[in-house]
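Student: Structure incoming, see below.
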Amino acid sequence: MPATLDRPHAAPFSTLPGATIIRRIRRMIFVALGAGLLYSMFGTATKGGCLGGGSIATQGDPADAAPTCVNLTLHPSPIVYTAIAVTVIVALTLVLRTGRTEASALKVIDRVVIVIIAGTFAWAALTMVSFLAIPLDPPSPGEPFSIPFTFGFVEIDVIR
């Protein structure tokens, strides 16, 4: 009995000219949708805390001032979804304009898949770092709560 079995090569899924490119485009679209879905899940966060005041003072007596609580909620940025869509459209345009051979078209599509994954991951990481860097110090009465630049949409709730 031979150690390996000889198997015939699998027949292509379709005899349609360009079927390989169409399959690769379909994969690119699924990657784009998956990247958007994962960014929606990982681009959401909350943090908060109460600072100052309190219901009991340090000596055990009731305090005069109530604490100021700050709650921050991070939402995904629509810029990422727009960038993913534009990247897919640009990829299709490049394949149609500069794709002289099947190999060059596949190379463009593969590179765009890498750009979509890396770009979405980098944006999500920068969003989390910028969100976690926001201080929770409550503003003085009458002043707005200001935050530095973040890569996502931050909703602020100040409760006094």
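Student: Put a dot 7 Å past each Cα toward the Cβ at Ile21 and Val90; how far apart are the dots in nm?
Tutor: 2.0 nm
Student: What are the residues whose amide H is under 5 Å from the amide H of Gly48, where those residues sit 5 or more places off or on another chain and H is modelled from the backbone?
Tutor: Answer set, sorted by chain and number: Leu72.
Student: Still on this structure: Would you list Thr46, Thr68 from the most to the least accessible area, probe 1.4 Å?
Tutor: Greatest to least solvent exposure: Thr46, Thr68.
Student: Set the Förster distance to 35 Å, then compute FRET efficiency between Leu51 and Ala122 from the Cβ-Cβ distance, nearest 0.05.
Tutor: Efficiency, from the Cβ-Cβ distance: 0.60.
Student: Using mean Cβ contacts within 10 Å as the protection proxy, how do 92-101, 123-132, 77-86 order, highest first?
Tutor: Peptide ranking by packing, descending: 123-132, 77-86, 92-101.
Student: Here's a follow-up. Residue by residue, what Karplus-based ³J(HN,Hα) values in Hz, rounded to whole numbers, does region 98-104 have, using 6.51, -1.76 and 1.60 with θ = phi - 60° and x for Gly and Pro?
Tutor: 10, x, 7, 10, 5, 5, 5
The values are calculated or read from the model by the stated rules, or taken from the named source; none is laboratory data. Only a predicted model underlies this, so the values are computations on that prediction, with no experimental measurement involved. Glycine also receives a Cβ, built like all others from the backbone with ideal geometry; neighbour counts cover every protein chain displayed. Remember, those area values only see protein heavy atoms, side chains included, never the ligands or the DNA or RNA. Shrake-Rupley method; radii C 1.70, N 1.55, O 1.52, S 1.80 Å.
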